[in-house]
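Asker: I have a structure here, written as C-alpha cells, and I will follow up with some questions on it.
The values are calculated or read from the model by the stated rules, or taken from the named source; none is laboratory data. What you see is a predicted model; the values in this text were computed from it and never measured. Glycine also receives a Cβ, built like all others from the backbone with ideal geometry; neighbour counts cover every protein chain displayed.
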Amino acid sequence: MAVNPMQRKARNSFLLGMVITMLIAGAIIAFLLIQLSGIKQKQEQTTKTVYVLNKNINSGDSITVADLIATDINSSAVPADFAGINNISSDTIARIALKQGTILTQSMLNTQGEKVTKDQRLQEYNMLSLPTQLTVGDYVDVRFMLPSGQDYVVLSKKKVQNANSTTIWIELSEEEILIMNSAIVESYVISASKLYVTTYTEPGNQEVSTPTYVPNSDVVALIRDDANIVNVVNARYEDKYVSRRNADINAALNQYASSELNSKEEKIQEEITKLKESRKQYLDTLTSAR
C-alpha cells in the first residue's frame, strides 16, 4: 500500500525527534554522572581520618588505642598536629583533662615512665593531712613542714590508687617506703610539724618535683645497703640537702629529745587504731554488699 508523502514526512520527523531527544537525554545523564563523580572525588579529597576520644580522660591518666574512635571529618577542620594510633604507646598520658569526642592532637599527649619494679608495693597511710577535694587518680606530693615553716618534699608525683576521708593508698618503691617511715616518725616527735599531701593541678603537663627531704643517717645507711632497693635516687642525698637537714630537722629533733619516746608511742598507737577502724569499715562494706 502506497504511503502518503505527508505521512512519511511526519513519521520521519517523529523518529528524528525521538533520536534527538534520546541523544540530548543521554548527554544530560552523562553530564550529571560526570558532575556527581567530580563531587564525590572532591569530597574524598577534602576529608581526613582523625581519632576522637570515646570517653572522658583526666589530666595525667593513661590513653590507649581502645580509648580512640576513627572518624572522617573535613580537612579544613583537622588540627595540624592531629595524633594517630602511632602516637600512642604504653606510657602515653593526657597533659590536660579531655572530654569525650575531642580530636586527639600531639600537644595533648605526654609520656610518663611508670615501669613497675620488683620492689614496688601498695602502701596505706592514715597519718597524712589530706586535701579536702582529693580523689582517686589524682597525682600528689607528700610534704613535711616544720614548726618554723620550712617545708620538704618527701615523695614526688605519686598517683592516688585509693582514698577515703582519712587514708590514702599509693605505690612506692622500697627506698620510698623507708624514707616515708623516717618522715612519719620525725613528724611524731616534732610538735607542730605536719606531714601533708598536695595535689598537682595538671599532672599531665607538670614535671615531677625534686625530693628535698633527707631521712636520718641510719635510714640513709640502710637504703644504701638494702638489697631490695632497685635504684637509689641520689639527688636527695646531695650535700645541700644533707646540710639543710642537719641545720633544720636535726635541730628541731634535739628540742624534743626528752619526750621523744612517749610521743612516738602515742602516735604509733593512734595509727594502729585508725588502721583497725578502717579495716573493720572495709570488711563491713564487703559483708553488706553480699
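Asker: Any idea which of (1) at pLDDT 90 or above; (2) of a type in the set (G, A, S); (3) in a loop (DSSP other than H, G, I, E, B) is the one A192 doesn't satisfy?
Answerer: (1)
Asker: Just one of (1) of a type in the set (A, V, I, L, M, F, W, C); (2) modelled with pLDDT under 90; (3) under 30 Å from A97 (Cα atoms) trips up I170, so point out which.
Answerer: Single failed check for I170: (2).
Asker: Could you figure out which of (1) modelled with pLDDT of 70 or more; (2) more than 25 Å from E175 (Cβ to Cβ); (3) hydroxyl-bearing (S, T, Y) isn't true of Y256?
Answerer: Answer for Y256: the failing condition is (1).
Asker: Also, I was wondering about something else. If E186 satisfies every condition in (1) in contact with a helix residue (DSSP H, G or I) (Cβ under 9 Å, 6 or more places away or on another chain); (2) under 19 Å from S278 (Cβ atoms); (3) not in a loop (DSSP other than H, G, I, E, B) but one, which is the exception?
Answerer: Unmet condition: (2).
Asker: Being outside the structural domain of A97 (by TED's automatic domain parsing) and either modelled with pLDDT of 75 or more or loosely packed, with under 11 Cβ neighbours inside 10 Å (or both) is the requirement here; does V214 meet it?
Answerer: yes
Asker: Moving on to the next point. Any residue in the range 47-59 that is closer than 11 Å to L104 by Cβ sitting within a Cβ distance under 7 Å of a residue that is of a type in the set (A, V, I, L, M) and part of a loop (DSSP other than H, G, I, E, B)? List the pairs, counting only those 6 or more apart or interchain.
Answerer: V50/V78; Y51/A83; Y51/L104; V52/L104; L53/L104; I57/I63
Asker: Among the residues of the range 67-94, write down those that are crowded, with 16+ Cβ neighbours inside 10 Å, in contact with a Ser or Thr (Cβ under 7 Å, 6 or more places away or on another chain) and farther than 12 Å from V52 by Cβ.
Answerer: Across the range 67-94, the qualifying residues are I88, T92, I93, A94.
Asker: Out of the strands (runs of 3 or more DSSP E) lying entirely within the range 93-172, which hold 1 or more residues that are within 17 Å of the chain's Cα centre (by Cα)?
Answerer: 109-111, 139-145, 151-163, 168-172
Asker: Of the conditions (1) farther than 21 Å from Y125 by Cα; (2) at pLDDT below 75, I249 clears all except one; give me its number.
Answerer: Tallying (1) farther than 21 Å from Y125 by Cα; (2) at pLDDT below 75, I249 fails exactly one: (2).
Asker: Follow-up. How many residues does the range 196-216 hold that are of a type outside the set (A, V, I, L, M) and within 14 Å of Q133 (Cα to Cα)?
Answerer: 5
Asker: Continuing with this model, one more query. I want to confirm something. Restricting to the range 185-231 and keeping residues that are of a type in the set (G, A, S) and touching a residue at least 24 places away in the same chain (Cβ under 8 Å), which single residue is farthest from A247 (Cα to Cα)?
Answerer: Applying the filter and picking the extreme gives G204.
Asker: Please specify each residue of the range 65-90 satisfying the condition of being of a type in the set (V, I, T), out of contact with any Phe, Trp or Tyr (no Cβ under 8 Å at 6 or more places or on another chain) and either in contact (Cβ under 8 Å) with a residue 24 or more places away in the chain or assigned to a loop (DSSP other than H, G, I, E, B) (or both).
Answerer: I73, V78, I88
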